[in-house]
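Below: one structure, written as structure tokens.
The values are calculated or read from the model by the stated rules, or taken from the named source; none is laboratory data. Every value quoted in this text rests on a predicted model; they were computed, and no experiment measured them. Heads up, the Cβs are rebuilt from the backbone with ideal geometry, glycines too, and the neighbour counts pull from every protein chain shown.
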Amino acid sequence: MEQAVFYLFAAILLFAATMVITVRNPVQAALFLVLAFFNAAVLWVLVGAEFLGIALVVVYVGAVMVLFLFVVMMLDITAAPMREGFARYLPVGILVAVLMVLQLGVVILSDDVALVGGLIPEPAADADNIRAIGTVLYTVYVYPFEIAAVILLVAIVAAITLTLRRRQGTKHQNIEEQLSANKANRLRVLKMEAEPRQGGEGAERQ
Amino acid sequence: MFETLFWTFSKIWAVLIPLFIGVAYFTYFERRVIGHMQDRRGPNRVGYKGLLQPFADALKLLFKEITVPTHANRVLFLLAPALSIGPAVAVWAVIPFADGWVVADINAGLLYILAMTSLGVYGIIVAGWASNSKYALLGTLRASAQVVSYEIAMGFALVGVLMAAGTMNLSGIVEAQAGPFWNWFWLPLLPLFLVYWISGVAETNRAPFDVAEGESEIVAGFHVEYSGMAFAVFFLAEYANMILICVIAAIMFLGGWYSPFHGLPVLGPALDWVPGIVWLLLKACFFAFCYLWFRATFPRYRYDQIMRLGWKVLIPVTVVWLVVLTVLIYAGVGPWF
């Protein structure tokens, strides 16, 4: 049963991944990437890594891909010019692909890792994935974790400073001024003397 | 194996059928309540006091033609309603309605809720893009930017609950609040409770944060091109999500299935005969009423004000309160920690 589920989702994952690079429309490609992420998450849940699986959905599917789609949707990308460079980039692409397959092979086939045959150890029946990860992350790996967080923060600040550009003469609202506005500086009540009607109806007609 | 499958399916339908009936009557009560708030009657013709009105509406939509705009992406256009209703009903799998009344009692329940609610935005995005319409695309951009922004504040508010309860299991979170109403998390987490509720209203794109629909500006937002049953499915998803936000608020902050006097000397045992689900639904109904109340009371926010509220007010409040909460937990304050 579990194997059937695995092969089903693995097949969809491979199909979606292939579609990402072959489909013409960039929005559809991004949506297929979402499908691929989702299926990868299912595979992770299947091997008992529920935290990683759900975190993949929250972070990549729920946030990163939404923003990605956002940008792709607003850009008017035509597929034809993107195809032009295909032959030119093909050798480099094949080289990278071969390299990645080799690296994966080294990891999977080496005796130290022992993924083949050894497989993933069966988790204990009462194992709480999240509690285990939390404990390890904030005790054993607390420094790497914090350093990674700071690096990400630096990246955010750098990205914002690189794109921040103050233009002269933009009409943006001063929110503080808007919020502090009250009746006294928006409304002026004038008292006017009532004036007698000049001429009356008959005067206008003449 | 087939026995467990059978039971799981029965449980799923035992949740979904009342949910859909709840959605139908939520729309009815919305029109009645807002009607009375605006000094008119609301629908009162179909059935006794208009009680059959939602079914009349559903039947009408069922018999209408589903039109697909020219040059729309047909497959995605028809897939979008499914993408939006799927996550909206999938979340209900982890919701505990009473002690042990839950379809899937998983440890990562809270995380699962966050994952599923963040998936709901794809229905909106795909619908707006596939419609090939300016208004729909504008509505999509607004809706998705708003959902992505408020998801952060909402997630942080739920992190506070997770810290206070010490577990992500929803039944565990409710059990951590066992006791009378001052034992519930709304008191130590009051700012987070308010942030959660505001972002919940914003997440479901409801008034006063309903710029995604903005009927006076962009007609109806992302679902402007939808008709008939396809539109009804979007409607169903929106209302199912609203009820979900109400129920989660009751579970996280108002002690779920516990009665307000649980554990008190006289009142506690006197109210023990009431089943837990009644308390949960009563609490959820209060929030549901607030949804309608907001819609009848507040004018729509301006778009930049929504973004400002989300990023510059709600998120800092949650971050500060998480620090305060840490101190409270560390010091072991009150009946809570």
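Quick notes on this structure:
- Cβ pairs under 7 Å, 6+ apart, first in the range A:162-180 and within 14 Å of B:GLN305 (Cβ to Cβ), second assigned to a helix (DSSP H, G or I): A:ILE175/B:ARG308
- Complete set of residues in the range A:64-78 that are closer than 11 Å to A:VAL27 by Cβ and modelled with pLDDT under 65: A:ILE77
- Residue in the range B:74-89 that is within 26 Å of B:SER10 (Cβ to Cβ), away from chain A (no Cβ under 14 Å) and surrounded by fewer than 23 Cβ atoms within 10 Å (Cβ to Cβ) present: yes
To keep it simple, each residue is scored yes or no on (1) surrounded by fewer than 19 Cβ atoms within 10 Å (Cβ to Cβ); (2) within 12 Å of the chain's Cα centre (by Cα); (3) more than 10 Å from chain B (Cβ to nearest Cβ); (4) in contact (Cβ under 8 Å) with a residue 40 or more places away in the chain.
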residue: A:ILE21; (1), (2), (3), (4): yes, no, yes, no
residue: A:LEU31; (1), (2), (3), (4): no, no, no, no
residue: A:ALA40; (1), (2), (3), (4): no, no, yes, no
residue: A:LEU46; (1), (2), (3), (4): yes, no, yes, yes
residue: A:VAL58; (1), (2), (3), (4): no, yes, no, no
residue: A:LEU67; (1), (2), (3), (4): yes, yes, no, no
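- Filtering the range B:276-330 to residues that are outside any helix (DSSP H, G or I) and either exposed (fewer than 13 other Cβ atoms within 10 Å of the Cβ) or of a type in the set (A, V, I, L, M, F, W, C) (or both) leaves B:PHE298, B:PRO299, B:ARG302.
- Qualifying residue in the range B:52-70 (condition: modelled with pLDDT under 85 and assigned to a helix (DSSP H, G or I)): no
- Applying the set (1) facing chain A (nearest Cβ under 10 Å); (2) in contact with a Leu (Cβ under 8 Å, 6 or more places away or on another chain) to B:SER131 leaves exactly one unmet item: (1).
- Single residue of the range B:152-193 satisfying the filter (within 14 Å of chain A (Cβ to nearest Cβ) and over 24 Å from B:VAL103 (Cβ atoms)) that is surrounded by the most Cβ atoms within 10 Å (Cβ to Cβ): B:ALA153
- Hits in the range A:142-178 - residues which are at pLDDT below 90 and surrounded by 10 or more Cβ atoms within 10 Å (Cβ to Cβ): A:GLN173, A:ILE175, A:GLN178
- Checked against (1) among the acidic types (Asp, Glu); (2) outside any helix (DSSP H, G or I); (3) buried (at least 16 other Cβ atoms within 10 Å of the Cβ), B:GLU238 passes all but a single condition, namely (2).
- Of everything listed in (1) under 19 Å from B:TRP129 (Cβ atoms); (2) within 12 Å of chain B (Cβ to nearest Cβ), the single unmet condition for A:ALA16 is (2).
- Flag for B:GLY123 being away from every other protein chain (no Cβ under 11 Å) and in contact (Cβ under 8 Å) with a residue 60 or more places away in the chain: yes
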